[in-house]
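Here is the structure we will look at.
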Amino acid sequence: MKLLRLDLLAFGPLQGTTIELASEAPCLHLVYGPNEAGKSTALRALHGFFYGIPEATPDAHRFRASELRVAALLQDARGRELYVVRRKGRKQTLAAADGTPLAGADASWITAGMPEAQFRSMFALSYDTLEQGADELLGSAGELGQSLFSAGTGGVGAHAVLESLRQEADALYRPRGRTQRLNAALTAFEDAKRSVREQSIRAEAFAEQQRSIEAAEEDASRLQLQRQQLMAERVRFERARRVLPLLAKRAELRRQRAELGEVAALPGSATEDRRLLERARRDASLRIEHVDGEIAKLEEARAALAVNDAWLEPVNQVQLSELRDRLLQYRRAQRTLPVRRDALSRAQGELHAMLERLGLQVEFAQIDSLRVSRPLEAKIREYARRGETVISRRAELARQLAAKRDEAAKQRGGLVARRFDPGSTVRQIELPLSPERVSLTLDQVTEFERASVELERELRAATDKLRQEEEALERTRRDLEALANAGQPPTELQLTAAREERRVLSLRLREELRVNARGAAGGERAVRSQSSVAGSVTPGARSGVANAGNAPEAGSEDVRRTNVRGARSLELPVDAGARGVGGSPAAVLGAGEPFDLAGAEELLRLLDAQSETADVIADRLRREATRVAEFARLRAAHAGCERQLEKLRSAAAALAERARDSERRWLELCSRAGVAPRAPGLMRAFLTEHRAEALRLDSLEREASRLEREVETESAQQENWRTSWNELVAKIGSPADASVAEVEAMLTGLHDVFARLDATKNDSREIEVLAHEVAAFERELAVLQARLLPDAEPAVWDAVADALLARDHAERRAADRRGQLEAQLTARGAERERALHEHAATERELAVLMQSAGVTNLSALEAAEEAARRARVLDESLAQVQAELLAAADGFEPAALEGELGSTVVPEVQARLQEVEDALERVEVEREAAVHTLESRRAGLARLRESRGAADAALDAGAELENARLLAQRYVRVKLAFGVLAREVERYRERHTGPILRGASALFSQLTQGAWRGLEADFGDSDEPVLICVRSNGDRVGVRGLSAGTRDQLYLALRLASIEQLSAARELMPLVMDDLLVHFDDDRAKAALQALGEFASVTQVLLFTHHQRLCELAREALPESKLRVHRLAPPPTATRELTLVRP
Amino acid sequence: MKFVHAADLHLDSPLRGLARYAGAPVEEMRLASRRACENLVGLCLAEQVDLLLLAGDLYDGDWRDYSTGLYFSAQMSRLREAGVQVVLVRGNHDAASQITRHLRLPDNVYELSIDSPQTLSFEDLGIAVHGQSFATRAVTENLARAYPERISQLVNVGLLHTSVNGRAGHEPYAPCSLDELVNKGYDYWALGHVHAREVLSETPWVVFAGNLQARHAREIGEKGATLVSYSASGITHVEHRALDVVRYATLRVDLARASGFDAALESARDAFADLAANVDRTTAVRLILTGESAVHSQLHARDVALLENVRAFATDLGAGQLWVEKVLLETKPLASHASSQLEDGALGELLGYLKQLRSDDAALFQLSSEELHELRAKLPAELRDGEDGLRLDDPQRLRAELDAVEQLLLVRLFGMEAPA
């Protein structure tokens, strides 16, 4: 597979760039592209062409991704050519030149079925890959299989891959390793499994646990029973220890009680009761004595008191009480009466002054006659308000009337000023202000305007028609002139004569030709004669022929001239006629010259041409006839046009007359309206505006009239009001012409006067009341003084009053004291009665006590009481002991206990109790231990019930197992990959060492310019097959002994040899190299270029570089036939033309 | 009246296939089967059911932790307190279980006989339950055939651990035909053994309740029990209730449009984001990458990084609910990158060798023996056996591995950017 042309149609910055790669013989294609020229882009485009443009391409900037296109013309090993276009996309990205999509075998044809990986690794070389390959050689120490395989595959290299796989496998797992990830995971899994086992509770273990719990429960129960027995024993001895002293005490008490014998059943409180009774009897006696003394003292004090009961009579007390109440009021009246009388006198004086100010001269007693009643005042005020309204409304109407009159005057003045055309004729004509008359005028204007428009339209139409007819007339006139100037056509007779003459001449000519042809057939004479005829035609004869040729044309000369002048469109072959008729037979035969066969044939050809010309003339004659008919038609049309024109002119004149008539009527109308004739539009606008203004003036004047009427009405109302007003104000003493304000001032003044008058009257009445009250009080005081204190000095009423009140106070105090003493006496009497009663009651209760004790005196009663007390104490002690016994006996009958215990003594019981306590303590310890064991085992069982450790551990184990599974899978994959690759490397070495080594050896020698003789296979230190390089002097050097540059060349040699070896098996792709030799020195670069030039016979070789120097070296190293240098020009910025890159 | 039909509790059976990693919701996975069992009891209490029917396989057969049985007993005690009766039959796992043999259950739990079909009539509930437990792990006779005739006036329920007439992935224990069950005249067949819920018939109802909690990636979808309402006239309503606490899901992502490794990750991340938005409980996700893709080789070459990235964004997006169970690569190389037809050159010969190995079991076995014998000796049975077992002497398993080996070698040889 090779490229004949690469078209970078739209890719990266490149557009329409073509690299021509066709060559007659295999050669090295050196593609030189300086920086920015697009070398790298071209390389990517080339790769994209073969294997598709990557999804994430960096070349979709000038063009959108979908627009990227790379095309190439390809040729396969069998010479088949195919032009293929690659676009960027996902499917069907290849197409033939005609746009037909390529797929399947057609698509794989362009890569010769080679996968991209192989192309990239083997056929795409750069210095980086060269260096990488050289490093691989070094890394493998020249191990033969790895070196050959790496050169055969390209890419990373077998050694590096094997090493990385081995390292990865070792990091995952080693048989005896611990830290490797898989080892660790397997260990963790085993640990987790162990944990599952350890944390799993077996059913037997659970049963065992249950059994141990049951055993512990039995132990605990047994010890509990022992404990209970011992505790019962302890209780019994403790009871005995408690009961024994109580039994002894009860026996002693019973004995003491028996000694007392029968005893009166006195209550326990008998002694206390008795004592209380005795004390109460004694207290009662003492109280009686004391009360008697107090009663005597009180009676003595009551007897000493002197009270005037008459003074205290209720009648006197009521009057004295009133006296006390009114005395203060009396004294205040005495003080204020003179003051108020003076004030009253002053107020009356001021009233007089106020009346004087109001202009009223009346006596004080007659002032009330001036009082204005409320209805009158309301009426006056109502009239005052109405008067203000009437006056102000009339004033407002008068103001509005004046304003309207002013406005109407201005409007009228404006209308006069707006008269249209204030010329002398119109000045005296008043414009009609009536809307109806204006409307009539407007209608007339409209009618005139409509008629004018109609007339104008008709006139315009007539004028247009007239113009059209004039134009038509002019056209027919011009056509007629043209036809008239076309000249006269030939007559039929002339044409027939000419045709006859031509026919005769033609027949004669043909006869002569036949005769002479027979005579001249064959023979030397005839040939010579023919030659002489050919050479003897004189210029004069040819001229004669030409002249004679003009004769048939003479008749048509006029027509020809006409055509030349004015009718080029007929395109008659006038020149051809002149040429064609140039060979006239008459001229030929009339010359008497020896027969010229060639000239005769020429004459015959001319005769035919003449015939054709004649036909053309005939056709022209027919067309002339047609023209004549057209001439006649035009003449008729011309006459019609003239008649129509005349009619139209008449119609136009009539219309003009109508227009003038209309104009006259309009002027007349304007004249009647008193306005200057103007355009109807202007006139209508003026009249419309004038009508609006006139309407407005009319409206203003109607408004003024209405206002005048209203003013008159209001004036009448105002007069009526004035009359009523005067009548009203006379009633309050105001003058008849008093204004509203004056009347209101009068009313206000009267209000003040009567307010002051009313106040004065009130004061006067109050003074009278006060004086009356003072007099009444003194009269009542005189009566009281006469009855109660007749000795007091009358008329000094203040002193009398004070004396009465002081005496009253003393009398009442004495009466109060007497009342108190009598109350005390009553209380003491009652107290004495109660003491007597209590004394008798105590006596009775003491008698009852003695009776119950069976005694008759108090001393015997006391002895009986003591005996009863002792018996009662003993009984209580016995009851208490009995109760204690019952409590201590734990529910047993004391008698039964007494019988049970018999003669047992406390110390004996104490000793037994101690023994029981000791035993109980021992059992308790054992029991607690048993309970603890039981609880512990139960808790263990509960833990077992709630355990989830095994389940958790199982989950952990599962997780570890999955982790180990992932790692083991990875290990298996890596180890198998290692095994496969290692074995394949060996297989490759075994198969290909011979041929590849031979080819590489020669290339290596060539690339090193003979410094190295070649390559050999040998065995290394570990008996592994290795690559050995042989110097020109025979020295054998391993790969590690080579310089870096030489290693590069060794790898290149191996790589090229591998490709060459591959060529035997399959069709190859072009070898594409990107600045492969950038680090080669000139000599070795030349050697390499030479080798690559020769390698072009194996497959097409494309070397991309941006070093100009490499081009020079290539030209030095290779003959022209082995080298094509292509220069990539920097892409133009905005051109879409194709750039052709030529060698 | 209501009863709940559940089966295949497999209490304390660990969830499988979950390799642990940082950020994985480990705690949520713990005791999933116990919490599902508690959900079952909770359902019985919440719905105030009268009866709980358990159709076998309460425990894993090889599970020996007796605390599992005690736990189950405690849960049944909760039902006893609520007056819920429990009827169960032993399944194949229970028959083999040490726990079953020793456990004493509360008196509200009735375990049906292993010797012959037994009927429990709950007159007060208007229902009769017929059933027979597995006596041994592998019961191959048709138990249903001997089940008693229906009892009139009661709703009749058959409780049976069976594979019916065979179910993929399940041992054919207690085989019987659907017709046989249908013709028995019962109102409801409460079946166990098959872990996928399935309603075989609605007249009468023949129902596999499915297991209560999924245990591995082949048991995808929601799991739970069947709540059945009935009246004297028969079954009135049947509904499935999800009770599982952890769910397995499969997430397929087509990478046909992925242009690179990062784009592939982004696609997977988007798919996880969609999934995360729709899960309501802890979910173990098996991510399967498919499609003819340009990143086929890179995915194989960077499978470790792929897994780590997927785990990372599952943790990031899942809010503690997503666990990446596994990432499977089922992608294919683009046709333009295919190298399988290449037979010449070093690369072609390498591919040819791999092709030869695929067809030469002896050579493949020899390769495996030489390269993997050290590992084989150390692999525990748990890794060797089972569907995902690393059977290093199984040519089929090794052939499947060769595909990955090919991708690994191609990427290693030609670099990360080189397509296969």
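The values are calculated or read from the model by the stated rules, or taken from the named source; none is laboratory data. On a predicted model such as this, the values are computed, not experimentally measured, just so you know. Note that we place each Cβ from the backbone using ideal geometry, even for glycine, and neighbour counts take in every protein chain shown. Ligands, DNA and RNA are excluded from the accessible area calculation, which covers all protein heavy atoms including side chains. Shrake-Rupley method; radii C 1.70, N 1.55, O 1.52, S 1.80 Å.
Peptide A:761-771 shows a mean partner chain C-beta count of 0 within 10 Å per residue C-beta.
Kirkwood-type hydrodynamic radius, the stretch B:1-96: 14.3 Å, calculated from all non-identical alpha-carbon pairs. Think of the stretch A:945-1077 as a dipole: +1 on every Lys or Arg Cβ, -1 on every Asp or Glu Cβ, centred on the Cα centre; then among A:Gln1006, A:Ala977, A:Gly994, A:Gly994 lies furthest on the positive end.
For the stretch A:784-830 versus the stretch A:630-661, the inter-centroid distance based on Cα atoms is 162 Å.
Taking the Cα centre of the protein assembly as shown as origin, work out the dipole magnitude from +1 charges on Lys and Arg Cβ and -1 charges on Asp and Glu Cβ, in debye rounded to 20.
Computed about the Cα centre, the dipole is about 5840 debye.
Grouping the Cα pair distances of the stretch A:996-1071 into 5 Å bins from zero gives a pair-distance distribution of 3, 16, 25, 23, 15, 10, 5, 2 percent in increasing distance order. Multiplying the residue separation of A:Asp763 and A:Leu667 by 0.36 nm and removing their Cα-Cα distance gives an extension gain of 24.3 nm. Using the Cβ-Cβ distance between A:Ala96 and A:Phe1019 with R0 = 45 Å, the FRET efficiency computed as 1/(1 + (r/R0)^6) comes to roughly 0.20.
What net charge do the residues around B:Leu54 carry, taking every other residue with its C-beta under 10 Å from that of B:Leu54, with Lys and Arg at +1 and Asp and Glu at -1?
-3
Estimated from the Cβ-Cβ distance and a Förster radius of 60 angstrom, the FRET efficiency linking B:Ser229 and B:Asp274 is about 0.95. Each residue, A:Arg331 and A:Ala497, gets one label point 7 Å from its Cα in the Cβ direction; the gap between the two is 19.1 nm.
Neighbouring Cβ atoms from other chains, within 10 Å of the Cβ of residues in A:979-988, number 6 on average. Estimated purely from DSSP H runs of n ≥ 4, each contributing -39500 (n - 2.57), the mean residue ellipticity at 222 nm for chain B is -10500 deg cm²/dmol once divided by its residues. On full extension, the segment bounded by A:Arg78 and A:Val796 gains 240.8 nm, given 0.36 nm per residue less the C-alpha separation. Only Lys, Arg, Asp and Glu carry charge here, each on its Cβ (+1 for the first two, -1 for the last two); on that basis chain B has a dipole of about 660 debye about its Cα centre. In summary, the convex hull built on the alpha carbon positions of the stretch A:147-216 has an orientation-averaged projected area of 7.9 nm².
Since only B:Pro395, B:Gly192, A:Met746 are under comparison, the one whose Cα sits farthest along the positive direction of the charge dipole of the protein assembly as shown, derived from C-beta charges on Lys, Arg, Asp and Glu, is A:Met746.
On association of chains B and A, roughly 6700 Å² of accessible area becomes buried (total for both chains; probe 1.4 Å).
The Kirkwood hydrodynamic radius of the stretch B:160-223, based on inverse pair distances between different Cα atoms, is 12.1 Å. Take B:His102: with every protein chain present and a 1.4 Å probe, its accessible area is about 70 Å².
What shape does the stretch A:231-346 take by its C-alpha gyration tensor, where a ≥ b ≥ c are the square roots of the eigenvalues and a/c under 1.5 counts as rounded, a/b above b/c as prolate, and the rest as oblate? Oblate is the answer for the stretch A:231-346, as a/c is 1.5 or above yet b/c matches or exceeds a/b. When the charge dipole of chain B is built from unit charges on Cβ atoms (+1 for Lys and Arg, -1 for Asp and Glu) and taken about the Cα centre, the candidate among B:Ser77, B:Thr119, B:Ser152 whose Cα reaches farthest toward its positive end is B:Ser77.
For the pair B:Lys332 and A:Arg341, label points projected 7 Å from Cα toward Cβ lie 14.8 nm apart.
Once you sort the root eigenvalues of the Cα gyration tensor of the stretch A:33-108 as a ≥ b ≥ c, which label holds: rounded (a/c under 1.5), prolate (a/b larger than b/c) or oblate (the other case)? Taking the square roots of the gyration eigenvalues as a ≥ b ≥ c, the stretch A:33-108 is oblate. Its residue count N fixes a reference of 2.2 N^0.38 Å for the stretch B:91-160, and the Cα radius of gyration divided by that reference is 1.19. Compared with its chain on its own, the stretch B:47-86 contains the following residues whose accessible area drops by 30 Å² or more in the full protein assembly (probe 1.4 Å; ligands, DNA and RNA excluded): B:Trp63, B:Arg64, B:Asp65, B:Tyr66, B:Ser67, B:Leu70.
With an a/c value of 1.5 or above and a/b not larger than b/c for the gyration tensor axes a ≥ b ≥ c computed over the alpha-carbon atoms, chain A is described as oblate. Counted over all Cα-Cα pairs of the stretch A:1-131, pairs farther apart than 27 Å make up 15 percent. Rolling a 1.4 Å probe over the protein heavy atoms of the stretch B:139-296, with every protein chain left in place, gives an accessible area that is 46 percent carbon and sulfur.
Near B:Glu180: Cβ cut-off under 15 Å, other residues only, Lys/Arg at +1 and Asp/Glu at -1. The net charge is 0. Shown for the stretch A:311-423: the carbon plus sulfur share of the solvent-accessible area, taken with all protein chains present and a 1.4 angstrom probe, equals 53%. Charged side chains reduced to their Cβ positions (Lys and Arg at +1, Asp and Glu at -1) give the stretch A:940-1083 a dipole of some 680 debye around its Cα centre.
Taking every DSSP beta bridge that has both ends in the stretch B:142-241, the antiparallel portion is near 55%.
Other chains near A:150-156: what is the mean number of their Cβ atoms within 10 Å of each residue's Cβ?
Mean partner shielding for this stretch: 6.
Mean residue ellipticity, 222 nm, helices only, chain A: the sum of -39500 (n - 2.57) across DSSP H runs of n ≥ 4, divided by residue count and rounded to 500, is -25000 deg cm²/dmol. Share of carbon and sulfur in the accessible area of the stretch A:152-263 stands at 49%, probe radius 1.4 Å. From most to least packed by mean Cβ count within 10 Å, the peptides A:9-17, A:22-30 give A:9-17, A:22-30. Over chain B, Cα pairs under 8 Å with separation of 6+ residues give a relative contact order of 13 percent.
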